[in-house]
1. β-branched (Val, Ile, Thr) and at pLDDT below 95: which single residue out of A:242, A:177 fits that description?
2. Is it the case that the range B:250-271 has a residue that's closer than 19 Å to residue B:219 by Cα and among the aromatic types (Phe, Trp, Tyr)?
3. Does residue D:131 meet the test of being within 14 Å of chain C (Cβ to nearest Cβ) and not charged (D, E, K, R)?
4. Residue B:19: within 22 Å of the chain's Cα centre (by Cα) and farther than 20 Å from residue B:258 by Cα, yes or no?
5. Of the residues in the range C:62-109, how many are in contact with a His (Cβ under 7 Å, 6 or more places away or on another chain) and part of a helix (DSSP H, G or I)?
6. Residue A:50 is checked against (1) within 13 Å of residue A:27 (Cα to Cα); (2) within 14 Å of chain D (Cβ to nearest Cβ); (3) touching a residue at least 40 places away in the same chain (Cβ under 8 Å); (4) surrounded by fewer than 19 Cβ atoms within 10 Å (Cβ to Cβ) and fails just one. What number does that condition carry?
7. Applying the selection to the range B:17-41, what residues are in contact with a strand residue (DSSP E or B) (Cβ under 7 Å, 6 or more places away or on another chain) and either outside any strand (DSSP E or B) or closer than 15 Å to residue B:201 by Cα (or both)?
Protein chains: 4
Amino acid sequence: MRFKVSSELEYQVLSDSTFVLNIHALRTPSQTVLEESFLIAPYIKSEELISAHGENRFMRVEVPGGTKLKVIYNAVVDNAIRLIDYSLLNDVPISELDSTVLTYLYPSRYCQSDKLYRLANNKFGTIANAFEKVLALTEWIHRNVEYLSGSTNSQTSAYDTVTEQAGVCRDFAHLGIALCRALTIPARYFTGYAFKLEPPDFHACFEAYMGGQWIIFDATKLSPLNGFIKIASGRDAADAAIASLFGNVICQSVIVNSECIENNFDPLYYGFSQTQGLNYL
Amino acid sequence: MRFKVSSELEYQVLSDSTFVLNIHALRTPSQTVLEESFLIAPYIKSEELISAHGENRFMRVEVPGGTKLKVIYNAVVDNAIRLIDYSLLNDVPISELDSTVLTYLYPSRYCQSDKLYRLANNKFGTIANAFEKVLALTEWIHRNVEYLSGSTNSQTSAYDTVTEQAGVCRDFAHLGIALCRALTIPARYFTGYAFKLEPPDFHACFEAYMGGQWIIFDATKLSPLNGFIKIASGRDAADAAIASLFGNVICQSVIVNSECIENNFDPLYYGFSQTQGLNYL
Amino acid sequence: MRFKVSSELEYQVLSDSTFVLNIHALRTPSQTVLEESFLIAPYIKSEELISAHGENRFMRVEVPGGTKLKVIYNAVVDNAIRLIDYSLLNDVPISELDSTVLTYLYPSRYCQSDKLYRLANNKFGTIANAFEKVLALTEWIHRNVEYLSGSTNSQTSAYDTVTEQAGVCRDFAHLGIALCRALTIPARYFTGYAFKLEPPDFHACFEAYMGGQWIIFDATKLSPLNGFIKIASGRDAADAAIASLFGNVICQSVIVNSECIENNFDPLYYGFSQTQGLNYL
Amino acid sequence: MRFKVSSELEYQVLSDSTFVLNIHALRTPSQTVLEESFLIAPYIKSEELISAHGENRFMRVEVPGGTKLKVIYNAVVDNAIRLIDYSLLNDVPISELDSTVLTYLYPSRYCQSDKLYRLANNKFGTIANAFEKVLALTEWIHRNVEYLSGSTNSQTSAYDTVTEQAGVCRDFAHLGIALCRALTIPARYFTGYAFKLEPPDFHACFEAYMGGQWIIFDATKLSPLNGFIKIASGRDAADAAIASLFGNVICQSVIVNSECIENNFDPLYYGFSQTQGLNYL
């Protein structure tokens, strides 16, 4: 399915600064970037960096102090996602995990799975199948955490959200990841453009590893699962922030858009008795 | 009902130290101390302090460094508790709370009710009656938190326990108190001698204020609710610790005992459809 | 010295709510309320509550939902403060503390002195005299913590501020209190009207107990120490908040004023080699 | 310099478990494993995993429940370390960091650099050179944090240690890393065998990136900096734990040894006016 995505960011750069921007659509076996433009005004040279395992594709830009910076990204991207039957989505024994996946079992800055071990296992430990476990915990987050703009900040972590029960998409994702890892299911942060997200913005959710595949889950249920264009994945928001700014910078506006340019888009949300998981890549 | 209670504490006092001991049975309208002895060996003068609202009755002792200290307390105490019908145990409007009770609505060191507001209200907010609310949250703690000796320390608070789901009586009490306060029900920490507690030790639980009365609750369910001899109440363990030691002191042994000296003791635990609350005044 | 103080608060009350307001000048041996008016518009009956040890004097008001509430307080108050020589301001042994003072040694919600024990003793433990210790830690807070409006919220505590090094007057006070208690010096939260505070607002600082007296300290250094009219003291902001609101209420404006109505006001700030401490009450 | 290192671990394995062991000497351009043996008794097949960037070389072993497991590792390893003049060890601009190094700028589970930004910059921000900055913060940790066995646990993080000021080598390393990252200096966790460490054990310290090199620092100062055989590096202990055990396992003994088998070992510790940094690659 083809999508047209765009973002437009404006910054007031007060001192010489380095930007690490994570807004490009990722190129993966299941996601093809058909057209793409990246514009920085005023013109400044930028450098594309791609992380070791292809989870990120970020632009690094050196910006002199005193610049009013505008960054515009446009792309047409085709995502070829797959639905996989839940009977194939069992827990993968730790002894069979690839070392690049094993990493996503360990606790990280915003996903302190080591502190949620009992809670996760008390609530979801007896569910037989990995897909059903993660479906259940996603549903539990959805029912218990209130989506509330401005209720959290960049330091908020899963350990806070599990108790404070309010947050934004980032917090929903972190809690989902932490619970998965506490259940010994590898899980990673996913950022992307999201079709039909209201109001339009960058979105975050998570992927859990089961049956040898990364399956996507979104406890916010704010946009269809099959309408994402993936930007990055990582351990948590520390790895995959939209923008990491080193310097004295004020963000002045963020405009994000995503539209499907085919006319047979059929929105997919998981239901309570969902029997298929969605795989990007 | 009359109980014979005792405690015997041994300390190695390495430097000149001040002990604030909270092991005496409280004297209240519903609790009469019939006989009592308090012995310090070697002999050191001690001073009894009684807090403003009668929630504590503690002994202060100055102990020189190099002392091997033994403290022995024995008492026969009569507790005259009352069962009150739950229909009388409604929420008291804040506008009718006495200022000495209002205090117990505010967050304290180990009971960060301000952080549990959503969780408490999501889970228990729609239950109509204060008694039923606190019964429900006590049951919830009992089912979700594992009693596990040594799993926590003196810095563990309700905010930790709600997520980590393991603790000792102190932690169960702190979580109960925090959830009550988050529901705008005043609640306080209760320490005492507990008949039939295995292994014998000092015990902690909590009281919640409803219908103009303090009603006792114990999420550990480790000993009958009608078998307590009250030592102290306070905002949390910071106020009502068994011993606050200022100096370099090693605790070497704690022996606690409680026995009922009447033969018609009928152990009371709240059931799921409990209709009466127990009041120690 | 006589001061004219006033405050004017406006609220949009969305549901039936209870207000506990802590804006009245306290009556103490050293502070005399000469004139006073308290107005609620529209007229609603209010009730004055005075806490057990006279640390608070708060008004409780029941407000129906749908009210646009205005509260106006005006007073003329005379404070008779004393300067006490630091040689008289030594540590009071715990064995000589009154039980009403002992309370202020224990950790509280926002002042987790139990977690700052090593830090406080490493930095300030070897200073001989209580006054000099607290002077040093106040100076240390002043140098290390940046006053930054909006940097913290109602859940921020001393444990956060000691590391994050930014905050408002409330946070400066909590950190001061926590460090004192970690040094076994009783300390309490102090709120008041502050002459020459810019911009005008309610202010918070702290009092530490030494030589049998409560001595005032203010790590923000934002207003003269001798220009306060005391509203309340308490363990921390949980006890002495300006307004505790139970219900759905939006605060719309807070206007505070304080002026000295004598013309010989001589502003006092502690210096590095300060030899006298200031006592209110 | 050649070292003979060994470790012997014993476990009681109660349920079927997966072990991920991180005890092998790493093979790097500057570290050559001359001889090596790895023995598991009873015999169980193990699998060696090497992480993407060569920071780890771990063994994965599936162990059936009911096993009394013994793991023995022996190696002779040659480390060829380099001393680099501090004038070459300047901050690397973010715009010149390789993407594999950039990762080590972000906060991680135990190194919440985002919360230490002000503290790090207030204390060390004005020091001109990266090497001198990290030397200063290492010294500061050494002076302020007490090495105290048993004072912390597996959940303790840099955010705790900066205030609580006690810990073990893991905590010293985490705090060092967090402070470096807060100063925009990439830093990573380092585990290894340590010659002359008393009592012998695995050791942890950290590396900071400067002048295009990873330079080693150890705030514990418990063993010479030139006596390490590197086992692993990672973001923090979550990545580079000696043993990650999935299952019900009791560790019964850990015996570690390291000796230099050349006789011209000249122990190196950084001094206050150190002018050269040590690089293990």
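1. Exactly one residue qualifies, and that residue is A:242.
2. yes
3. Spelling it out, it is not the case that residue D:131 is within 14 Å of chain C (Cβ to nearest Cβ) and not charged (D, E, K, R).
4. yes
5. 1
6. Result: residue A:50 fails condition (3) only.
7. B:22, B:23, B:24, B:25, B:26, B:27, B:30
Per-residue answers, yes or no, for (1) within 25 Å of residue A:78 (Cβ to Cβ); (2) at pLDDT below 95; (3) within 14 Å of another protein chain (Cβ to nearest Cβ):
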| site | (1), (2), (3) |
| --- | --- |
| A:137 | no, no, no |
| A:151 | no, yes, yes |
| A:157 | no, no, yes |
| A:197 | yes, no, no |
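The values are calculated or read from the model by the stated rules, or taken from the named source; none is laboratory data. All values derive from a computational prediction rather than experimental measurement. Quick reminder, even Gly has a Cβ in these numbers, built from the backbone with ideal geometry, and neighbours come from all protein chains shown.
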